[in-house]
Amino acid sequence: MIRFFFRFLGLLLLAAAFILVIYDGTKSIAANHFYFTTVRTAWELVNAGSLAAVRPLISPYAGGVLWDPGMGALLSAPAWSVLGLLGILLMLLGRRKKPLIGYARS
């Protein structure tokens, strides 16, 4: 059941990444320069208040290193790449086990 959930969520994330690639591509063609939606922009479009609420939760750990360079780099990355990587990871975690060949039982 959990593998099905991982595959389903991974497929949704891959679909969202594909939609963002198409959106960024059409916007780049229209603007005549490279454009991509950052994770911060996408997060603020979905729920702006939660981004401000996450900072006090992450900042105290590792002397603030997790927020400033860590989350700063993640939030400035293209949203389609982050969603795509998470989707691929979840699809790999939810893949079915290979069937056993022969009489081997382990």
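Observations, loosely collected:
- Solvent-free Debye scattering, log10 I(q)/I(0), computed from the Cα coordinates of the stretch 37-77 at q = 0.24 Å⁻¹: -0.80
- Measuring max minus min along each principal axis, the C-alpha atoms of the chain give extents of 59, 42, 21 Å (largest first).
- Descending by average beta-carbon neighbour count within 10 Å, the peptides 21-33, 5-17 line up as 5-17, 21-33, the highest first.
- Of the residues Trp67, Trp43, the one with the fewest other Cβ atoms within 10 Å heads the list, and the complete ranking is Trp43, Trp67.
- C-alpha long axis of helix 79-93 to longest principal axis of the chain, angle in °: 20 degrees
- Angle between the chain longest axis and helix 39-58 axis [Cα atoms, degrees, rounded to 10]: 90 degrees
- Normalised by the number of residues in the chain, the average gap of Cα pairs under 8 Å and 6 or more apart makes the relative contact order 51 percent.
We did not get these values from a lab; they are worked out from the coordinates using the rules stated. Just so it is clear, the structure is predicted and the values come from calculations on it, not from any experiment. Cβ: placed from backbone, ideal geometry, glycine included. Neighbour counts: every protein chain shown.
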